[in-house]
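Student: Dropping a structure here in structure tokens format, bear with me for questions.
Every number in this text was worked out from the coordinates using simple rules, so none of it is lab data. Source: prediction; values computed, not measured. For neighbour counting, all protein chains shown are included, and Cβ atoms are generated from backbone atoms with ideal geometry for every residue, glycine included.
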Amino acid sequence: MSGDEPGRSYTGLGRTNLLETSRRRVRTALPPRVRANGLIRLGGGICGVLVFAAIVGPVVSPYDPTTQALEARLQSPSLAHPLGTDALGRDVATRLVYGARISLALAVVATGLRLVIGTTIGLVAATGGRLVDAVLMRLVDVQLAFPGLVLALVIAGVLGPSLRNVVLALSLVGWASYARIVRGSVLSVKRRPYVQSAKLYGTPWRRLVRRHLLPTVVSPVAVLATLNLGTVVLAAAGLSFLGLGAQPPTAEWGAMIDDGRNYLRSAPWLITAPGIAIALTVIGFNLLGDGLRDVLDPDHLEDTQRRRT
Amino acid sequence: MGPELVVDDLRVRFRTRSETVDAVDGASFTVEPGAIVGLVGESGSGKSVTARSIVRLESPGEIVDGSIKFDGRELTSADDRTLRRLRGRELAMVFQDPSTTLNPVYTVGEQIAEAIRIRENPGRQPFLAELAAGVSSRLRTRRRRSEVLELMETVGIPQADERIDAYPHQFSGGMCQRVALAMALARRPSLLIADEPTTALDTTTQAAILDRLARLNAERGMGILLISHDLGVVSELCDRVVVMYDGTVVEYGPAESVRSDPEHPYTKALLDCLPHRSEPRSRLPTADWPPADDRPSRSDEPPLQGTVLETDRTAVDGGTTATGERGSPRRDAETAAPGSDRRVDGPIVELEDVAASFRQSDALVDRLLGRDERVPAVNGVSLSLRAGETVGLVGESGCGKSTLVRLTAGLEETTAGEIRLRGERIGDADSRTDDQLADVGVVFQNPTTSLNPKRTVGQTIAEPLFEAGWDESRREDRIEEVLSLVDLPAAYAGRYPRQLSGGQCQRVAIARALALEPSVVLLDEPTAALDVSTQARILNLLADLQADLDLAYLFVSHDLAVVRHIADRVAVMYLGQFVEVGPTNRVLSAPTHPYTQTLLDAIPGNEAEECRQWDREALAGEPPSPTSPPDGCAFHPRCPVASEDCTRVEPPLEAVDGGRTRCLYAGEWRSDDSQRSAGDADATETQLITNSERTEPGVARTGRDGR
């Protein structure tokens, strides 16, 4: 999704003004209430730790995630292996941080694809006339009528097991809610006088969309996308657990749980570690999304304020 | 006689994250039993907060000091039970926006019946009863049907028997407000608090509702606290008037004396800026009290605008100041927009037999099945507009006046007839050339929604220039120029709409419309959402701009006083057609169509009350549905002078007395009437003469004849 290019100014009121606006933009981008919001702090903190672990963990870890060390298999947590080792003697902590890379990257890519597909379809539905709208929205209805994970399962099953296909499957099932939200927001501003004025001085469609229609959908879409990241991590892990996603020996959380399943009684750390990681990721993104909604959605904010007084 | 309400030194405070605001800062007044008291002030004066505090709905503000005594009981410290009983039986409130006051999921009958239940049993409902609310409210409505019907008739809802089961969305705004009133009356309150009950309504509906309130007050001895920003409304109805400014009461006294002899300069200023108290086309005084430096900073409107900049302007017009280049680019050949060399005599915009209709159903299935019924919105309208001329377009909501503007602007397509701009036929916005687009500017009603909240004032004004291909430095110059045209400091270019007041937003919208130097500006109720003093400033600004730039205005309004003030010619619309067109003076002082007279009668606080032709109840009806217009003359179901013929013959638009009128008895009904009361006609005539005498010499007034 393309927003306004930062720094480009149509007013042309000189460089100082441009600086001023961009500085103001930065200031308003992170107003005090974003930083003061507890949900954002907690959720952001969790997600931050995850991202940090995903980036730094593999670098500092002395182990390789896939090299087998059969002499050290199924060791319980110790100083050398903080989270123990699995049935093939691989360090669980190392595999966990490598898995974080995969899960987060996959979540970002799948959510990004959902967002682009959904926003485009929503935008076209809202601006493209009644017939187009009707057809696209029925498509959305069909998509929403299917249970998402089952549909993803079918798609991933048909395409064959691989991480790329998981991303594809998850992007093809999740865009409908974006389409709905975007269509709703665009419809609500489409007839606003300022959009009509823009039409009256001959603004071409492209610019109309970019300047007047898209900015209004940024907030709700950002909230939805953040909440979605957690869901996608969970769904991807689920597909891998079922054997449709990451293939051994790739370190992936869902696959790790699948591997550890057989040693549930003797080595419970094998599934607790990735399980807790998945749970934390989902909780982290959900808290962050809720916090963002509090800050970005004015109506919702009013409610919370009222509750406080 | 009912109980008395005493408000004494009330202070209400709002705490926001950054500051605390004393919205009400020591207000004191009394509502005697059975009296009608008006509470007047501009937005932000604290009048609504005061009213809400009385029924203890002041949250999120808090009452920090003072007392509200009703019937001897202190309300500021009353507990929930007392409050519930009081709200259920004694104090009733009617809010401003009728469309959001009613619950959309219950029928109006159910909602009125619920109000009756609350009167009979103001306590908390048992939990189980609350669970069964949906079912029980239907049953209750059936049981109390006669009572509900009676209430609906009391507030003037015709065919109550059929409408009792209708939902709020099936009602017009005026009818919804009547239902809200019926709900308030169901509690048989001894005091009714009405918070701007007619602000969102048409003048005719407003008149009918105000009459209804007055009658209820007389019949039931019910006290009324009427909150309004319109001194006209208040002074017409009320016994006493409280004028609020910035949270304090600045004047409090009997309505007549406040109106005729205001003591406080602010009251005086408020009265002066009502357009119907000034000569047409004159400069309206603006409420600039207190003087600039004293004016509290929380009022956004820069206080300088009315006074200082006006003198500035005079100097500029004389061409004597350093800022004299202000209007010059128009004359400057190099920077001249494509518009300036196209000056031609004759009309700039012509509408000929224009018609437009809308699909009744959006459903795809209906369209595929060919059930494609269309509702006419505008029907056979012809009009021409010359440079420097203002044509006022008046009528009730739904009469098609906004559609006409949208057609002319190119936002809708005509289904018949043609619109010509400088002699060339034009279609909708997509098919117009850049020059044609630049030649027509549009200003919409609601200043806050007509600006993109995410773009600065400068970016907003720059957009049309950017589309027209101006380069950056020229854009920059032009922004400064148009900002000064609308009397805003150049520094405002960096501000966002949320940092501006309503009046300033409207100025920015006007600036954007003027950016490409149009020759026609379409103004769709540009002042309807503004306070009276802001309205006065905007009207002054529009008049100045017209004089400077030789603009043609098509000015839509439902407020005849505003139209009388600004327009050279008036077109009165009813059900998509013009019923009367002619010079403003003539049409608004001696109308030849009964509908125009109806509209005139409805102006609140009209000084010449004795000139009223008919009782307002006569016009209480609503316009018929455009889907099934009545046979014959469209106005005959509401017309006080309609005859047998009117129900059969559709009158043509005929030339009468300097204008054109669509009435079988054009003017005749009036002459009959004036024979009956010769005094009226005399008064009207004198008014007409003084008006035309006082018209400034030298002001070119074209197009006085009908077309």
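Student: Hey, can you rank B:377-385, B:504-512, B:174-182 by average C-beta count inside 10 Å, highest first?
Tutor: B:504-512, B:174-182, B:377-385
Student: Modelling each spin label as a point 7 Å along the Cα-to-Cβ direction, I'd like the B:Glu413/A:Arg138 distance in nm, to one decimal.
Tutor: 2.4
Student: Take B:Tyr167 and B:Thr627, extend 7 Å from each Cα along the Cα→Cβ direction, and tell me the distance between the two endpoints in nm.
Tutor: My value for the distance between the label points is 1.5 nm.
Student: Going out from 0 in 5 Å bins, what whole percent of all Cα-Cα distances in the range B:394-454 drops into each bin?
Tutor: 4, 15, 24, 21, 18, 12, 5, 1
Student: What order, most packed first, do the peptides A:217-230, A:128-141 have when packing is the mean number of other Cβ atoms within 10 Å of each residue? Don't skip to the end; give the middle numbers.
Tutor: On the way: A:217-230: 20.9, A:128-141: 13.8.
Answer by packing, highest mean first, reads A:217-230, A:128-141.
Student: Setting aside same-chain residues fewer than 8 positions from B:Lys401, which lysines have a Cα under 17 Å from its Cα?
Tutor: Filter leaves no residues.
Student: Quick one: order B:Val64, A:Val109 by neighbouring beta-carbon count within 10 Å, fewest to most. Working shown, then result.
Tutor: Values: B:Val64 14, A:Val109 17.
Neighbour counts put them in this order, fewest first: B:Val64, A:Val109.
Student: In nm, to one decimal, how far is the modelled label at B:Arg188 from the one at A:Leu159, with both set 7 Å along Cα→Cβ?
Tutor: Modelled inter-label distance: 7.3 nm.
Student: Another question, if that's okay. For A:Gln247, what is the net charge nearby, where nearby means another residue's Cβ is under 14 Å from its Cβ and Lys, Arg count +1, Asp, Glu -1?
Tutor: -2
Student: With the cut-off at 1.5 for a/c, could you classify the range A:123-273 from its C-alpha gyration tensor as rounded, prolate or oblate?
Tutor: prolate
Student: Among B:Ser53, A:Ser177, which comes first, second and so on when ranked by fewest other beta-carbon atoms within 10 Å?
Tutor: Fewest-to-most ranking of B:Ser53, A:Ser177: A:Ser177, B:Ser53.
Student: Right, here's the next one. Okay, which of the range A:61-98 sit inside 16 Å, backbone N to the point 7 Å along the Cα-Cβ direction of A:Phe52?
Tutor: Only A:61, A:97 fall inside the zone, counting backbone N under 16 Å.
Student: Let me ask another. Let me know the mean shielding of B:468-479 by other chains, meaning the per-residue number of their Cβ atoms within 10 Å of its Cβ.
Tutor: Numbers: counts 2, 0, 1, 1, 6, 2, 1, 5, 5, 1, 0, 3.
Mean shielding by partner chains, rounded to a whole number: 2.
Student: Order of B:159-165, A:236-242 by packing, highest average Cβ count within 10 Å first?
Tutor: Highest to lowest by the protection proxy: A:236-242, B:159-165.
Student: What is the calculated FRET efficiency for B:Asp471 to A:Leu70, with r their C-beta to C-beta distance and R₀ = 51 Å, to the nearest 0.05? Intermediate values should be presented prior to the final figure.
Tutor: On the way: r = 73 Å, r/R0 = 1.44.
FRET efficiency, B:Asp471 to A:Leu70: 0.10.
Student: Taking the Cα centre of the range B:3-43 as the origin, how large is its charge dipole in debye, to the nearest 20, when only Lys and Arg (+1) and Asp and Glu (-1) carry charge on their Cβ atoms? Don't skip to the answer; put the middle values down first.
Tutor: Numbers: 4 positive and 8 negative charges, 61 e Å.
It works out to roughly 300 debye.
Student: Let me ask something additional. Please average, across the residues of B:454-460, the number of beta carbons from any other chain that are within 10 Å of each residue's own beta carbon, and give a whole number. Let's see the in-between values first.
Tutor: Details: counts 7, 7, 8, 1, 7, 8, 5.
Taking the mean over all residues of the peptide, I get 6.
Student: With r as the distance between the Cβ atoms of A:Arg207 and B:Ser643 and R0 = 41 Å, compute the FRET efficiency 1/(1 + (r/R0)^6) and round to 0.05.
Tutor: Once rounded, the FRET efficiency stands at 0.10.
Student: Within 10 Å of each Cβ in A:212-224, how many Cβ atoms from other chains are there, averaged over the peptide?
Tutor: Mean number of neighbouring Cβ atoms from other chains: 1.
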